[in-house]
Structures are given as structure tokens and as C-alpha cells.
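Report on the following structure.
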Amino acid sequence: MRPDSIAPGHLKTEDEHRRDVCTVGRWIHQRAYVASTDGNISVRLDPHRILTSPTAVSKGMMELDDLVLTDLQGRKLSGRRNASSELAMHLLIYQRRPDVNAVCHAHPPVATGYAAAGLPLNKALISEVVLALGCIPVARYGTPGTPELSEALELLVSHFDAILMANHGVVTYGPDLLTAFFRMETVEHFARVSLVTELLGKQVLLSSGDVEKLLAARARYGTTTAAQVGPECPVTSEAVEPAAAGNRVSLTREELEALIDEAVRSDRARR
Ligand code: 13P
């Protein structure tokens, strides 16, 4: 199901945004990224208004009028229900990231497993993930529904587009709701692939040269991301095999031919 309205590209009415939030709520529920009434979704409608999912309602069963309008401080403007208990986390992201207009929070089981193990998804294992997200850090634990949760994310929000929340779940965000949802899908998919490599007992990481080429290709794919990259993000083959990297020698064809010539010459001279 992909209602046309959710595709970015035209200026949406508030009703279309309401439909999009309900659609993404159904998607995260159908894919078992959430159980029960877990998860929350919001959209920044304009510089003054946020449309958020309500608290304690199944995000797979929301009706258009279940959604709540608030201002950027989280004060309710309209709606028969109460706003998500985690709205403060969404507001922090909108405040820190002027490029972001939608936030999606869910508990997809494999990525949440990594979060519960305190393991970031930060290895250069899959080219598309390096392109789309760079790497996915783990924010320290903060009690849901309290300022602790936002405080735990504060330092990471400017540098990443997807964050694992320790002992809790995942938050993703982007310029529009479809992008925020796709990032959630990418995180869970990557977590599954990572888990398979762990089960197989073998991971072949991309090299830093491979990662550089992917980053250079981002513009070609139209990828816009704030994802930070650095020596440990994502972790490359050189980082896990420093000895091998240190012992590796690279030669031009000419240098190699010269070495072979010299070896042949000295062998002939010895005879
Ligand atoms: P809300 O229903 O209040 O948005 O909270 C759901 C949730 O995921 C808590 O972590």
C-alpha cells in the first residue's frame, strides 16, 4: 500500500498529513516494528505547529481525528486525545534540525535487540546503509516520557539521522515522513543482516577507500543526510584488521615489473 499522498513533492493539506501519519502508523504496526500501543510519529506542519500521534493508542489503528496538534513547545492546540508521551523527544529533534519535518519512533525487534545489547550498528557491512545513514549510534538510556530521554539524544541528533535508544527502541527522522519511515525500515533491515553475519561468525567489512567512494556517490543517488562519518563511523576493514592493513603493500604495474626484472636478472647472474 502506498497512498499517493505520502509521496513527497507537493504542498500537503493538514488532512493529507493526517492520512500520512495514520498510514505510517499502520505500516510500523503491520511490520511488527511496534507492539500494543508502542511507537509515535509526528510531522512539522509549519514553523508553529506539530501534528503528533496520540498517547496510548495502537499506532496501527489511528483515525484522522485521533491525532493531536501542538505548538513547538508541546502545548496542545487541538485534538480530543492527549499528545504522545514522548513528544519532547520529537520537539528536541525539530529544534536541533531545521531540515527535519517528520519523526518516527518504533521498537523494531532486531534493531531494538542491538540497542538493548548496547551495540551500535556502525560497521561498514552494506554499501546502501553507508550511503543512506553512515552509521547508527546508541544513545544512553533515558526513562521514557521524561526529559532524560531527550537529554540522552541531545548530542547525537545533529550528527545522525537514525539513533538506537538503549533498552528502548529506535528513532529516525527526515525532511518528510516517507523518508523518516524508510530510515526506520533501513535500520531494521540492516540490523537483521548484521545479525546474520554474527550468526555466520564472519564479517567482511568494506575498506575506507570503498567508504570514501560511497560517500562521494551520495550526491549521485540524491542522498541527503546529516550522517556523520569519521575514523570509527562506519568501522572499516582497516580498523578491525590494523595489522593486515599495516602489512599491505601497494605497487604500480611499473614498480612490480621492475622488481620482477631485477629478481630475474639477479637469478641469471647467480647461475
Ligand atoms: P506514546 O503512546 O505515549 O506515544 O508512547 C509509546 C511509546 O513508544 C513509549 O516508548
Evaluation of Glu148 against (1) in contact with a helix residue (DSSP H, G or I) (Cβ under 9 Å, 6 or more places away or on another chain); (2) over 30 Å from Lys213 (Cβ atoms) (one fails), failing number: (1)
In the stretch 144-172, the residues that are over 15 Å from Ala116 (Cβ atoms), within 15 Å of the ligand (Cβ to nearest atom) and of a type outside the set (A, V, I, L, M): Gly145, Thr146, Pro147, Glu148, Ser150, Thr172
Elements of type helices (runs of 4 or more DSSP H) contained in the stretch 95-206, each with 1 or more residues being open to solvent by less than 40 Å² (accessible area, probe 1.4 Å), more than 23 Å from Ser85 (Cβ to Cβ) and modelled with pLDDT under 95: 127-133
Unmet requirement for Leu92, which otherwise passes all of (1) out of contact with any Lys or Arg (no Cβ under 8 Å at 6 or more places or on another chain); (2) crowded, with 21+ Cβ neighbours inside 10 Å; (3) in a helix (DSSP H, G or I): (2)
Residue in the stretch 60-79 that is open to solvent by 50 Å² or more (accessible area, probe 1.4 Å) and under 18 Å from Val170 (Cβ atoms) present: no
Tabulated pairs, the stretch 54-76, first closer than 16 Å to Trp27 by Cβ and hydroxyl-bearing (Ser, Thr, Tyr), second open to solvent by 30 Å² or more (accessible area, probe 1.4 Å) and within 13 Å of the ligand (Cβ to nearest atom), C-beta under 6 angstrom, 6+ apart or interchain: Ser58/Thr37
Positions within the stretch 218-241 being modelled with pLDDT of 90 or more and under 28 Å from Thr179 (Cα atoms), in sequence order: Pro234, Val235, Thr236
Residues located in the stretch 4-29, provided they are in a loop (DSSP other than H, G, I, E, B) and modelled with pLDDT of 95 or more: Lys12, Thr13
Answer residue from the stretch 18-33, given it is within 15 Å of the ligand (Cβ to nearest atom) and either without any contact (Cβ under 8 Å) to a residue 12 or more places away in the chain or buried (at least 24 other Cβ atoms within 10 Å of the Cβ) (or both) and is nearest to His189 (Cα to Cα) among those: Tyr33
Filtered residue count, the stretch 35-49, keeping only those that are of a type outside the set (Asp, Glu), assigned to a strand (DSSP E or B) and more than 13 Å from the ligand (Cβ to nearest atom): 4
Residue in the stretch 189-201 that is small (Gly, Ala, Ser) and within 16 Å of the ligand (Cβ to nearest atom) present: no
Scope the stretch 51-89; condition in a strand (DSSP E or B) and within 13 Å of the ligand (Cβ to nearest atom); matching residues: Thr52, Pro54, Val68, Thr70, Ala83
Verdict on Leu45 being more than 22 Å from Leu155 (Cα to Cα), without any contact (Cβ under 8 Å) to a residue 60 or more places away in the chain and buried (at least 23 other Cβ atoms within 10 Å of the Cβ): no
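The values are calculated or read from the model by the stated rules, or taken from the named source; none is laboratory data. Note that the structure is predicted; figures quoted are calculated from it, not measured. Cβ coordinates were reconstructed from backbone atoms using ideal geometry, including for glycine residues, and neighbour counts include every protein chain displayed. What goes into the accessible areas is simple: the full protein's heavy atoms, side chains included, and nothing from ligands, DNA or RNA. Shrake-Rupley method; radii C 1.70, N 1.55, O 1.52, S 1.80 Å.
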